Amino acid sequence: MTAALELSQEVRFDRALIEKYDRAGPRYTSYPTAPHFHEGFGPAELQREFARSNAEQADRALSLYLHIPFCDTVCYYCACNKIVTPDRTRALPYLEALIQEIRLMARHFAPERQVTQLHFGGGSPSYLTLAQTERLWGALRDHFNLAPGALGEYGIEADPRECPEGTIARLAEIGFNRISFGVQDLEPAVQKAVNRIQPLELTQRCVAESRAHGFHSINLDLIYGLPLQTEESFLKTLEVVIRDLDPDRLAVFNYAHLPQYFTPQRRIDAAQLPPAEVKLQILEKTIARLLAAGYVYVGMDHFAKPGDELATAQRQGSLHRNFQGYTTRAECDLVGLGITSITQFGHAYAQNFKTLPEYYARIEAGELATFRGVELTADDRIRRDVIMRLLCDFQLDRAATGERLGIDFNRYFAEESKEIARMVDEGLIEDDGNLMRVTAGGRLLIRNVCMAFDWYLANGPQKKAFSKTI
Ligand code: SF4
């Protein structure tokens, strides 16, 4: 796509629209969403999908995700899959199993298939020692065809509390070139209330070291809606983040208090949570401040500097979304390694066991650790494409989409047309009959737009409560 056809990145906080669409919905890191994976899909089904996809797309690049589930201490807001233990010896058998899984998994791919993206997530990948991280990298290098440094996007989620001086330099030497740090909030009282004490100076040093060692697209995570936060306190955090940390990317997540699902959240005093009205004010001011500071809204909680590759890809219509969130790597099959990790391959999704004993048993038996998954139907693939394009482009050209997917768009989505018309009436989208475009005010509610195309929400079994879309 040429610069002349760049997509709009305008976003506006529309309180009336947000209040009208205040409901729960999926985040669409996959379609169908993970609650629709089933245990009838196991290692044999995944291997069949590997073989089919290898035969059809032997030159397709790979993206690897490694899940390091351990954390030293628990952050009370956390909803991640993690194992909290200060006993670092727990990482040793996991490391061995992960290396064994790397060997097992790599056998399924021709050596020509290049890895162009690699991500260490958690939990806390920086829970591992540098020697362990290096060993893991060595196993990846031995068994997969990693693209040379500058051609690969090699990222790690790092916890500044686990990164003493010199750590970042070593991570760069090992081969990482992207990094993301959790910050959440800089206010000491809020940090205490969520059990995550992380002084600004610590994060500042880590960000400075990352810059000095050539990391691109440095990302920071913030969370609004945490206990003891006020509009004033959060905006103070934001101001310091913009001024003193100056990240290339910023994710600003809404804290969803669901203690019935996430045990650590039971340690949060609900009476200290900011009311919904305050959260809306925080969101409104945060968006205004970030836009004024020159960031663009990429979508679904994510902001980036206009020159960052994520923002550029979005303008050019080449942004994609998968289990790792937004990505510029469209051409990849995603291979998940470690407990709970998800593989997105060809026409299937597959998830690994969620507990260590089950995971270890499978790997020790020399088998893939898949415990559930789903093979996409033709309808799933069509709807996945439509939902992913909406999430990334905020618009959909019916004729072009129909041609790409081999369908008559209007006929295929006749049922959805009533919902589309309703969203037009309510100002969520504009529609000229061919091009559906999410309005600037509707962008914050993109999940709601996608929900109109989600067959399972209207027809499938409802398996799990989702978080609110705002
Ligand atoms: S937020 Fe991150 S560091 Fe904190 S408990 Fe969760 S996974 Fe661990």
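The values are calculated or read from the model by the stated rules, or taken from the named source; none is laboratory data. Quick caveat: nothing in here was measured; it's all calculated off a predicted structure. Every residue, glycine as well, gets a Cβ built from its backbone with ideal geometry; the counts of neighbours run over all protein chains shown.
Here is how the numbers come out for the structure above:
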| item | result |
| --- | --- |
| Odd one out for Ala158 among (1) farther than 16 Å from Gln324 by Cα; (2) within 16 Å of the ligand (Cβ to nearest atom) | (1) |
| Residues satisfying the stated conditions in region 363-408, i.e. surrounded by 18 or more Cβ atoms within 10 Å (Cβ to Cβ) and free of Cβ contacts under 8 Å to residues at least 24 places away in the same chain | Arg389, Thr401, Gly402 |
| Selected residue (criterion: nearest to the ligand (Cβ to nearest atom)) from residues of region 164-183 that are buried (at least 22 other Cβ atoms within 10 Å of the Cβ) and among the β-branched types (Val, Ile, Thr) | Val183 |
| Of residues in region 40-80 being among the charged types (D, E, K, R) and part of a loop (DSSP other than H, G, I, E, B), the one surrounded by the fewest Cβ atoms within 10 Å (Cβ to Cβ) | Asp59 |
| Residues being more than 16 Å from Thr370 (Cα to Cα), within 14 Å of the ligand (Cβ to nearest atom) and within 21 Å of the chain's Cα centre (by Cα) - total across region 40-80 | 11 |
| Residue check, Arg243 within 23 Å of Gln132 (Cβ to Cβ), surrounded by fewer than 17 Cβ atoms within 10 Å (Cβ to Cβ) and more than 16 Å from the ligand (Cβ to nearest atom) | no |
| Subset of region 189-217 that is in contact (Cβ under 8 Å) with a residue 60 or more places away in the chain and more than 19 Å from Leu235 (Cβ to Cβ) - its residue that is farthest from the ligand (Cβ to nearest atom) | His216 |
| Pairs with Cβ under 7 Å, 6+ apart, first in region 146-159 and more than 27 Å from Gln204 (Cβ to Cβ), second hydrophobic (A, V, I, L, M, F, W, C) and more than 16 Å from the ligand (Cβ to nearest atom) | Leu146/Val115; Leu146/Leu140; Ala147/Val115; Gly152/Val115; Gly152/Leu118; Gly152/Leu146 |
| Conditions (1) in contact (Cβ under 8 Å) with a residue 12 or more places away in the chain; (2) under 23 Å from Lys82 (Cβ atoms); number of the one not met by Arg266 | (1) |
| Checking Ile268 against (1) over 27 Å from Gln351 (Cα atoms); (2) among the hydrophobic types (A, V, I, L, M, F, W, C); (3) in contact with a helix residue (DSSP H, G or I) (Cβ under 8 Å, 6 or more places away or on another chain); (4) away from the ligand (no atom under 16 Å from the Cβ), the condition it does not meet | (4) |
| All positions within region 105-138 that are away from the ligand (no atom under 16 Å from the Cβ), among the hydrophobic types (A, V, I, L, M, F, W, C) and closer than 25 Å to Ala350 by Cβ | Met105, Ala106, Phe109, Ala110, Val115, Leu118, Leu136, Trp137 |
| Subset of region 107-135 that is of a type in the set (A, V, I, L, M, F, W, C) and surrounded by fewer than 21 Cβ atoms within 10 Å (Cβ to Cβ) - its residue that is nearest to Ile179 (Cα to Cα) | Leu130 |
| Region 218-231 residues that are assigned by TED's automatic domain parsing to the domain that holds Gly307 and under 22 Å from Arg249 (Cα atoms), paired with ones that are assigned to a strand (DSSP E or B) and of a type in the set (Lys, Arg) (beta carbon under 9 Å, 6 or more apart) | Ile218/Arg178; Ile218/Arg249; Asn219/Arg178; Asn219/Arg249; Leu220/Arg249 |
| Every residue from region 30-39 that is surrounded by fewer than 17 Cβ atoms within 10 Å (Cβ to Cβ) and under 18 Å from Gly346 (Cβ atoms) | His38 |
| Residue that is farthest from the ligand (Cβ to nearest atom) [pool: residues in region 81-99 that are part of a helix (DSSP H, G or I) and surrounded by fewer than 17 Cβ atoms within 10 Å (Cβ to Cβ)] | Glu96 |
| Test set (1) farther than 25 Å from Glu284 by Cβ; (2) touching a Pro at 6+ places or on another chain (Cβ under 8 Å); (3) buried (at least 16 other Cβ atoms within 10 Å of the Cβ) - Arg266 fails condition number | (3) |
| Some residue of region 113-129 being of a type in the set (Lys, Arg) and modelled with pLDDT of 95 or more | no |
| Matching residues in region 81-101 - criterion: being of a type outside the set (A, V, I, L, M, F, W, C) and more than 19 Å from the chain's Cα centre (by Cα) | Thr85, Pro86, Asp87, Arg88, Thr89, Arg90, Pro93, Tyr94, Glu96, Gln100, Glu101 |
| Unique match (being within 16 Å of the ligand (Cβ to nearest atom), at pLDDT 95 or above and closer than 29 Å to Leu62 by Cβ) among Leu186, Leu220 | Leu220 |
